[in-house]
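Working notes for the structure below.
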């Protein structure tokens, strides 16, 4: 399998750290989701399909609390079919130790105006019900009700 740019082949998928392929974080006051993915994936016969997506989010804590699913949407160019996968929070970012018993309870009011951010590196194919076929796809990620920038990916089989 060849990826363009080829740095995506080195990204440790399933992790939540900044990587060489993480998108640039907008400067200034900003909330949202940014993603990047390879422009082209060329598969050899027998290669499993993999679609790495690297991203960054900065969203209101309350929105993330209300919906912590990360949704991947791909629109296939050939027929306009929408493919959708959902990544549920898997506990990767949970603290190793729970808060002490005497820690104050956080109320929704105390979290008003507070944002949370982080990186993600996923294989979108892992969360889709069907295997991606050679074609062009428009890819977006939705987290906490916010849509990412769209990216275009082309999958080719040799």
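Read-outs throughout are calculated quantities, based only on the coordinates presented, and are distinct from any laboratory measurement. Note that the coordinates shown come from a computational prediction; the quantities given were computed from them, not determined experimentally. Every residue, glycine among them, receives a Cβ derived from its backbone with ideal geometry; neighbour counts consider all protein chains shown.
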Among the residues in region 119-128, are any more than 25 Å from residue 4 (Cβ to Cβ) and free of Cβ contacts under 8 Å to residues at least 60 places away in the same chain?
no
Inspect region 120-129 for any residue being surrounded by fewer than 11 Cβ atoms within 10 Å (Cβ to Cβ) and within 18 Å of the chain's Cα centre (by Cα) and give the result as yes or no.
yes
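Can you pull out every residue in region 2-37 that is on the phi > 0 side of the Ramachandran plot, exposed (fewer than 15 other Cβ atoms within 10 Å of the Cβ) and touching a strand residue (DSSP E or B) at 6+ places or on another chain (Cβ under 8 Å)? Steps first, answer last, please.
Filtering region 2-37 for residues on the phi > 0 side of the Ramachandran plot gives 14, 28, 32.
With exposed (fewer than 15 other Cβ atoms within 10 Å of the Cβ) added as a condition, the list becomes 14, 28.
The one that is on the phi > 0 side of the Ramachandran plot, exposed (fewer than 15 other Cβ atoms within 10 Å of the Cβ) and touching a strand residue (DSSP E or B) at 6+ places or on another chain (Cβ under 8 Å): 14.
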How about region 131-158: which of its residues are within 24 Å of residue 64 (Cα to Cα), in contact with a helix residue (DSSP H, G or I) (Cβ under 8 Å, 6 or more places away or on another chain) and buried (at least 17 other Cβ atoms within 10 Å of the Cβ)?
139, 143, 144
Within region 38-61, how many residues are surrounded by 17 or more Cβ atoms within 10 Å (Cβ to Cβ), touching a residue at least 60 places away in the same chain (Cβ under 8 Å) and out of contact with any helix residue (DSSP H, G or I) (no Cβ under 7 Å at 6 or more places or on another chain)?
8
